[in-house]
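Asker: Let me begin by handing over the structure; questions about it come next.
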Ligand SMILES: Cc1cc2nc3c(=O)[nH]c(=O)nc-3n(C[C@H](O)[C@H](O)[C@H](O)COP(=O)(O)O)c2cc1C
Ligand code: SF4
Ligand code: FES
């Protein structure tokens, strides 16, 4: 049970994550699933829900950290067009694996969050776009949705209310870019997932040109607790402007990699040492990628940074999706960067010139550098080719693609130098 | 309106304009590749970056809307570096083959590389090598040069409506590809080479033939269809090398017919010297000799004149003058597709501009294969439909349009009266009446459901009626058009300024034909019949090819076997085999003259190409004949011809201003109206199946047939000679295969193709081979073959 | 699995597709699920299959081609009965994925894009599977095998070759 005292709260989405068979409706109900839903359908209206979510300070957990209540308030009402709610379960950012656990262990939490959010937004049809590789999770979700339909938690007149909503699972098929919300929309429309430029924003013109909200799994899974305990309750957890708890997916050179949900503001050191069993080698990490591979690197000197959007930004990076990749002194950073460069070249959708050509170019240079065939000139070109993709494209993939190389060049020039053909003095 | 600053200058543009468009409309240059004013915004090249004060990163100007007070800067050091980098990214996979590339000299990539590039590329890895695609006879591909701007893909989706170009793969494996069987499905495919900013999609016919800088450009008017597009003819040493849409023309595109007909200009089929028949062969001779021979065949003979309307107004006027002076009593025909010569309530030509048609509340197409006949008008309709505005269609075939009709009905030609009658009944019920409707209705018993579609569209504020060839060439056309006129009056679409009555014409200068020649109109069929019966001695064919074109080819053949032929033309064509004398007339690219398109839009050609041989402008040929025949010459100069035009046709007085240099952009010659043309329909009981003759843009017209390129496309796009709906056969208990078409007393066997998009009860015939002989009949029976 | 005959969905499939299409505002959205169905039924997506799908959903062939070629999980080439996909992205790499991948290739005697002679296996290097806590991760026909080792994968291969379930 989540405590109604915010100072006692340590987990929200993962509150029941260890409960056996929690994916079954019967079990989930025993642990409080859908208990508060009738109250929401009866006593809440759109404005009240949006206000609560605004008050809660909840920020999107998919990567950008955009305030959820504010995003919802941008959705125009009475346009004569349907409004769609899309759950972003594409989870493709290297290092991220949190949404998977919510879906396979506690699918009803997500479903309940979507019913409540859909109710707030006047949604008739909602979709969960899940990455294609998550076949098991897809099956678990489908089964849970079937159970929810059977229990009148989805479909026509939910629990006897006026509210009706359908929920459909939709599988992606191996394209990281489809996690970007407008690419996700394109993909859900049955097209190649190429991001759209903005404006217009999806809130106004999204899925098939209709108002559309895209939210991450974790974001939507937080909504039931916010409505049950109140926005103010949520706002009191964590730190101002960085409220609530956050799941961190920790991987790499730690002894106990895994998902850990902690109140925002927990320090990186605390998380790694007290939850993840410490580093595999040494006392201080060499590099920590704090928010998924697309975020700039933090160094050992940042070990005590509190895990909040604002503090990590101050340290020069982003909290992103909360995917923390830890590298200790044994890591070959040039090799890691080479591998990430390959990832972005492989995943670029190809539409923007700098991203299409730049990611491939960077990968080829990194291959050479890593193979010990690079030159000084290559290093200069690498810097130029990376710098000029960032921020000049339709979506943020190119910026993410530039982050590893730019971090490597900025913080570890010596590691690069060591692999060049002709080493300079 | 939004006020903003571009490079510190205050400018005002409509709200919602993109920064790039704001720059363009204010003369500020911003480099770009993927943007195209006629296509949706893709924002993928990232070349159009500008800086906006207060924004952390440069913005793509093509997809960023202006905002009040925004401060935009287009030239900074940072932007120069960005542009240089964009060029470097683009060039890493682009071959450095400008010297052998047709686009060289007219290439955005090349220009920008000079303006914004760094000089030397730093990329040292292997380049991407995509394979080239065969996109048919018109478009050449060299995909290594592709910069992935997706203009071609958007063109295929949005303009051509075919969706047969696409983007495969992703990242730097991304490929632009066409899914084609034999050739791109579009009648607009030639535009692809124009919109490709680099040398990836090129004009196939002119491939490796010439370079942009060798070309001289001549503004001209295309006479290949009544649209009369503004074109630019590119020539090298007086030889036509290419035809392209004019830069500042009314329409951004031209069709493949108008573009690729250019190879006919220099084909062996061109008539460049006077010729006279000696035995089986035509021999080149002098003008004097040829004129003398012509006089022999024409002087004091019973002469029939058949001319085509695509000559310049000056040429047409000269034909009229020749007639009035020398052949006052002879028969004249100028419409190879009109069976009914009674005056029409509204004659050939449009009452609206194509832009107005695009914007009307409702558009109804009655019996026209618009994509083949007026591809550019069809494109306007497609644009309209993309913008969410409906088009309704009724006709004997779901002619392919590459877009979606809001309402669509299949009927047989004999059903037109019933369709109009049903619409009249419905308008009457709504209290919308016109004097004369009762009388019309009394003559038609049958009613047809499709009338509802027509009536539904008519009860709107503005409605453009596009009346096509199925009605125009109908045996009872005058009555049908009177009926439509009544409907339009009843629904309030006939008043000035709201006139939506448009009769789609067959050829160029259509708006002029009725005013200039209406009083002389004879049916071409009757004229040929008279000739075959021995009532005529000589045919004077002026540009016309009645065997290859129109409905009367069988009769024309019979006539030509019988009489002498004096042919005045730019193309020798199939008439060559019949001609006793050939007089070469200058092509439309080679004359100074006036052209009026179906909208009534005026164009004056004043920059002609030089003649390749001894051909003369039509007016000169006509005047020379007049003189040789012993009559006083009515006009000896272009100026005098023009004076005659004003004398003969009062509706054309405005042209005086045009010739004296006034801007012709806003000048429209109205199409003719005959208030007294109140022909009532005849109730004839008809047997058998209706015949409709198909039109192919690649084949119709002597110019097209003289073009190898269009002929090749015609072969690729050809359909069966005779087509029917499966139900038609089922109703007759026939199986598909070789079947016999019985028309009157004659029968012939054909391989009959099946298609579900034609109306049951209709036989579609192409004009190829002997099937063309069926064009003239209106009904036929079908029975089993051997 | 694929045949030279024209591929064709079963009646049951067509009924499924009909229901599926209704879940979306437009039939085009059903394209990806239908491609998965086709892959299940026919193994991989030949041009003929793609053409057939375009027909079933009322799409242009280009619309189908664009999607098939964009997504890595849609296959235009045949692969072994078991597709072993080794994640070699950062977290897996830091935990020995490159070595694992090399060893597996050696055990199977094939490289990416190839099929073992018995038709049982293909192998590929893939991007982050979203299960980095279990690095290195190997997917066997989208079943996750976490904390994979050369031994555990070798054992799996042996089991499959012996005809046992995995
Ligand atoms: C390249 C790229 C990949 C992304 N991948 C994901 C993803 O896998 N899951 C996700 O929830 N958000 C992803 N995002 C962020 C989404 O665009 C979007 O911001 C998010 O789904 C909004 O949900 P939220 O407000 O609940 O965070 C990605 C963004 C980019 C630019
Ligand atoms: S930045 Fe890259 S991934 Fe994003 S839209 Fe542009 S090309 Fe596609
Ligand atoms: S013109 Fe703006 S991105 Fe291409």
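The values are calculated or read from the model by the stated rules, or taken from the named source; none is laboratory data. Keep in mind that this is a model prediction, so the values were computed, not measured. We place every Cβ from the backbone using ideal geometry, glycine too, and count neighbours over all the protein chains shown.
Asker: Of these, C:84, C:94, C:108, which one is more than 9 Å from every other protein chain (Cβ to nearest Cβ) and surrounded by 23 or more Cβ atoms within 10 Å (Cβ to Cβ)?
Answerer: Values: C:94 fails: more than 9 Å from every other protein chain (Cβ to nearest Cβ); C:108 fails: surrounded by 23 or more Cβ atoms within 10 Å (Cβ to Cβ).
Testing whether each residue is more than 9 Å from every other protein chain (Cβ to nearest Cβ) and surrounded by 23 or more Cβ atoms within 10 Å (Cβ to Cβ) leaves just C:84.
Asker: Could I ask something else about it? If you scan the range A:76-122, which residues turn out to be free of Cβ contacts under 8 Å to residues at least 60 places away in the same chain and either touching a strand residue (DSSP E or B) at 6+ places or on another chain (Cβ under 7 Å) or away from ligand 1 (no atom under 14 Å from the Cβ) (or both)? Outline the logic, then answer.
Answerer: Quick first cut of the range A:76-122, residues free of Cβ contacts under 8 Å to residues at least 60 places away in the same chain only: A:77-78, A:80, A:100, A:111, A:118.
Across the range A:76-122, the qualifying residues are A:77, A:78, A:80, A:111, A:118.
Asker: For the range C:18-29, which residues satisfy the criterion of being within 12 Å of residue A:191 (Cα to Cα) and either more than 7 Å from every other protein chain (Cβ to nearest Cβ) or at pLDDT below 95 (or both)?
Answerer: Within the range C:18-29, C:27 is the sole residue that qualifies.
Asker: Identify all residues within the range A:366-388 that are surrounded by 24 or more Cβ atoms within 10 Å (Cβ to Cβ) and either more than 10 Å from chain B (Cβ to nearest Cβ) or more than 16 Å from ligand 2 (Cβ to nearest atom) (or both); write none if there are none.
Answerer: Those that are surrounded by 24 or more Cβ atoms within 10 Å (Cβ to Cβ) and either more than 10 Å from chain B (Cβ to nearest Cβ) or more than 16 Å from ligand 2 (Cβ to nearest atom) (or both): A:366, A:369, A:382, A:386.
Asker: Something else about it: Among the residues in the range B:618-625, are any touching a strand residue (DSSP E or B) at 6+ places or on another chain (Cβ under 7 Å) and either farther than 24 Å from residue B:222 by Cα or at pLDDT 90 or above (or both)?
Answerer: Just the residues of the range B:618-625 that are touching a strand residue (DSSP E or B) at 6+ places or on another chain (Cβ under 7 Å), to begin with: B:618, B:621.
Filter once more, keeping what is either farther than 24 Å from residue B:222 by Cα or at pLDDT 90 or above (or both): B:618, B:621.
Checking the range B:618-625: at least one residue is touching a strand residue (DSSP E or B) at 6+ places or on another chain (Cβ under 7 Å) and either farther than 24 Å from residue B:222 by Cα or at pLDDT 90 or above (or both).
Asker: Given the conditions (1) more than 22 Å from residue B:187 (Cα to Cα); (2) at pLDDT 95 or above; (3) buried (at least 17 other Cβ atoms within 10 Å of the Cβ), report the number of the one that residue B:727 does not fulfil.
Answerer: With (1) more than 22 Å from residue B:187 (Cα to Cα); (2) at pLDDT 95 or above; (3) buried (at least 17 other Cβ atoms within 10 Å of the Cβ) applied to residue B:727, the lone miss is (3).
Asker: Considering only the range B:62-74, how many residues are within 11 Å of another protein chain (Cβ to nearest Cβ), within 14 Å of ligand 3 (Cβ to nearest atom) and in a loop (DSSP other than H, G, I, E, B)?
Answerer: Step one: list which residues in the range B:62-74 are within 11 Å of another protein chain (Cβ to nearest Cβ), which gives B:62-65, B:67.
Checking the rest, the ones that are also within 14 Å of ligand 3 (Cβ to nearest atom) come to B:62-65.
Adding the requirement that they be in a loop (DSSP other than H, G, I, E, B) leaves B:64.
Final tally of qualifying residues: 1.
Asker: Follow-up. So which helices (runs of 4 or more DSSP H) are wholly in the range A:353-425 and hold at least 3 residues that are within 16 Å of ligand 3 (Cβ to nearest atom)?
Answerer: Details: elements: A:353-370, A:376-387, A:397-411, A:413-417.
Of the helices (runs of 4 or more DSSP H) lying wholly inside the range A:353-425, those with at least 3 residues that are within 16 Å of ligand 3 (Cβ to nearest atom) span A:353-370.
Asker: Condition check: in a loop (DSSP other than H, G, I, E, B) and either in contact with a strand residue (DSSP E or B) (Cβ under 8 Å, 6 or more places away or on another chain) or surrounded by fewer than 23 Cβ atoms within 10 Å (Cβ to Cβ) (or both). Does residue B:80 satisfy that?
Answerer: Details: in a loop (DSSP other than H, G, I, E, B): no; either in contact with a strand residue (DSSP E or B) (Cβ under 8 Å, 6 or more places away or on another chain) or surrounded by fewer than 23 Cβ atoms within 10 Å (Cβ to Cβ) (or both): yes.
Considered against the rule, which asks whether it is in a loop (DSSP other than H, G, I, E, B) and either in contact with a strand residue (DSSP E or B) (Cβ under 8 Å, 6 or more places away or on another chain) or surrounded by fewer than 23 Cβ atoms within 10 Å (Cβ to Cβ) (or both), residue B:80 comes out as no.
Asker: Please specify each residue of the range B:15-39 satisfying the condition of being within 11 Å of another protein chain (Cβ to nearest Cβ) and more than 8 Å from ligand 3 (Cβ to nearest atom).
Answerer: B:16, B:18
Asker: Where residues in the range B:110-153 are more than 14 Å from chain A (Cβ to nearest Cβ), modelled with pLDDT of 90 or more and in a loop (DSSP other than H, G, I, E, B), which of them is nearest to residue B:97 (Cα to Cα)?
Answerer: Among residues in the range B:110-153 that are more than 14 Å from chain A (Cβ to nearest Cβ), modelled with pLDDT of 90 or more and in a loop (DSSP other than H, G, I, E, B), the one nearest to residue B:97 (Cα to Cα) is B:142.
Asker: Could you list, in sequence order, all residues of the range B:49-61 that are within 11 Å of chain A (Cβ to nearest Cβ) and either within 16 Å of ligand 2 (Cβ to nearest atom) or not in a loop (DSSP other than H, G, I, E, B) (or both)? Reasoning before the result, please.
Answerer: Narrowing the range B:49-61 to residues within 11 Å of chain A (Cβ to nearest Cβ): B:49, B:55-60.
Once the filter is applied, which keeps residues that are within 11 Å of chain A (Cβ to nearest Cβ) and either within 16 Å of ligand 2 (Cβ to nearest atom) or not in a loop (DSSP other than H, G, I, E, B) (or both), the range B:49-61 yields B:49, B:57, B:58, B:59, B:60.
Asker: Suppose the filter is within 14 Å of chain C (Cβ to nearest Cβ) and in contact (Cβ under 8 Å) with a residue 60 or more places away in the chain; does residue A:207 pass it?
Answerer: Details: within 14 Å of chain C (Cβ to nearest Cβ): yes; in contact (Cβ under 8 Å) with a residue 60 or more places away in the chain: yes.
So residue A:207 fits the description; yes.
Asker: Looking at A:391, A:400, A:322, which one is touching a helix residue (DSSP H, G or I) at 6+ places or on another chain (Cβ under 9 Å) and within 11 Å of chain B (Cβ to nearest Cβ)? Quick ask: steps written out before the conclusion?
Answerer: Numbers: A:400 fails: within 11 Å of chain B (Cβ to nearest Cβ); A:322 fails: within 11 Å of chain B (Cβ to nearest Cβ).
Exactly one of A:391, A:400, A:322 is touching a helix residue (DSSP H, G or I) at 6+ places or on another chain (Cβ under 9 Å) and within 11 Å of chain B (Cβ to nearest Cβ), namely A:391.
Asker: Residue check: is residue C:72 at the interface with another protein chain (Cβ under 10 Å from one of its Cβ atoms) and buried (at least 18 other Cβ atoms within 10 Å of the Cβ)? Walk me through it before giving the result.
Answerer: Working: at the interface with another protein chain (Cβ under 10 Å from one of its Cβ atoms): yes; buried (at least 18 other Cβ atoms within 10 Å of the Cβ): yes.
Spelling it out, residue C:72 is indeed at the interface with another protein chain (Cβ under 10 Å from one of its Cβ atoms) and buried (at least 18 other Cβ atoms within 10 Å of the Cβ).
Asker: If you don't mind, another one. For the condition within 14 Å of chain A (Cβ to nearest Cβ) and closer than 23 Å to residue C:68 by Cα, what is the one hit in B:158, B:177, B:185? Reasoning before the result, please.
Answerer: Details: B:158 fails: within 14 Å of chain A (Cβ to nearest Cβ); B:185 fails: within 14 Å of chain A (Cβ to nearest Cβ).
Going through B:158, B:177, B:185 in turn, just one is within 14 Å of chain A (Cβ to nearest Cβ) and closer than 23 Å to residue C:68 by Cα: B:177.
Asker: Would you confirm, using the coordinates I've provided, whether residue C:12 is more than 23 Å from residue A:127 (Cβ to Cβ) and surrounded by fewer than 16 Cβ atoms within 10 Å (Cβ to Cβ)? First the steps, then the outcome.
Answerer: Values: more than 23 Å from residue A:127 (Cβ to Cβ): yes; surrounded by fewer than 16 Cβ atoms within 10 Å (Cβ to Cβ): yes.
Taking the combined requirement at face value, the residue satisfies it.
Asker: Report whether or not residue A:179 is in contact with a helix residue (DSSP H, G or I) (Cβ under 7 Å, 6 or more places away or on another chain), within 26 Å of residue B:174 (Cβ to Cβ) and surrounded by 23 or more Cβ atoms within 10 Å (Cβ to Cβ).
Answerer: no
Asker: For the range A:333-364: of the residues being touching a residue at least 24 places away in the same chain (Cβ under 8 Å) and more than 16 Å from ligand 2 (Cβ to nearest atom), which is nearest to the other protein chains (Cβ to nearest Cβ)?
Answerer: A:336
Asker: Separate question: Given the conditions (1) under 25 Å from residue A:248 (Cβ atoms); (2) within 16 Å of ligand 1 (Cβ to nearest atom), report the number of the one that residue A:316 does not fulfil.
Answerer: Checking residue A:316 against (1) under 25 Å from residue A:248 (Cβ atoms); (2) within 16 Å of ligand 1 (Cβ to nearest atom), the one that fails is (2).
Asker: So if I check each of B:484, B:503, B:465, B:512, which one is crowded, with 23+ Cβ neighbours inside 10 Å and at pLDDT below 95?
Answerer: Working: B:484 fails: at pLDDT below 95; B:503 fails: at pLDDT below 95; B:465 fails: at pLDDT below 95.
Result: B:512 is the single residue among B:484, B:503, B:465, B:512 that is crowded, with 23+ Cβ neighbours inside 10 Å and at pLDDT below 95.
Residue by residue, here is whether (1) within 13 Å of chain C (Cβ to nearest Cβ); (2) at pLDDT below 95; (3) more than 16 Å from ligand 1 (Cβ to nearest atom) holds:
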site	(1), (2), (3)
A:182	no, no, no
A:191	yes, no, yes
A:196	no, no, no
A:222	no, no, no
A:232	no, no, yes
A:235	no, no, yes
A:268	no, no, yes
A:271	no, no, yes
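Asker: Still on this structure, I have one more. Can you name the residue in the range B:23-46 that is surrounded by fewer than 24 Cβ atoms within 10 Å (Cβ to Cβ) and not in a loop (DSSP other than H, G, I, E, B) and is also farthest from ligand 1 (Cβ to nearest atom) among such residues?
Answerer: Filtering the range B:23-46 for residues that are surrounded by fewer than 24 Cβ atoms within 10 Å (Cβ to Cβ) and not in a loop (DSSP other than H, G, I, E, B), the one farthest from ligand 1 (Cβ to nearest atom) comes out as B:25.
Asker: Away from ligand 2 (no atom under 16 Å from the Cβ), within 14 Å of chain C (Cβ to nearest Cβ) and surrounded by fewer than 22 Cβ atoms within 10 Å (Cβ to Cβ): is that true of residue A:69 in this structure?
Answerer: Numbers: away from ligand 2 (no atom under 16 Å from the Cβ): yes; within 14 Å of chain C (Cβ to nearest Cβ): no; surrounded by fewer than 22 Cβ atoms within 10 Å (Cβ to Cβ): yes.
Judged against the criteria, residue A:69 is not a match.
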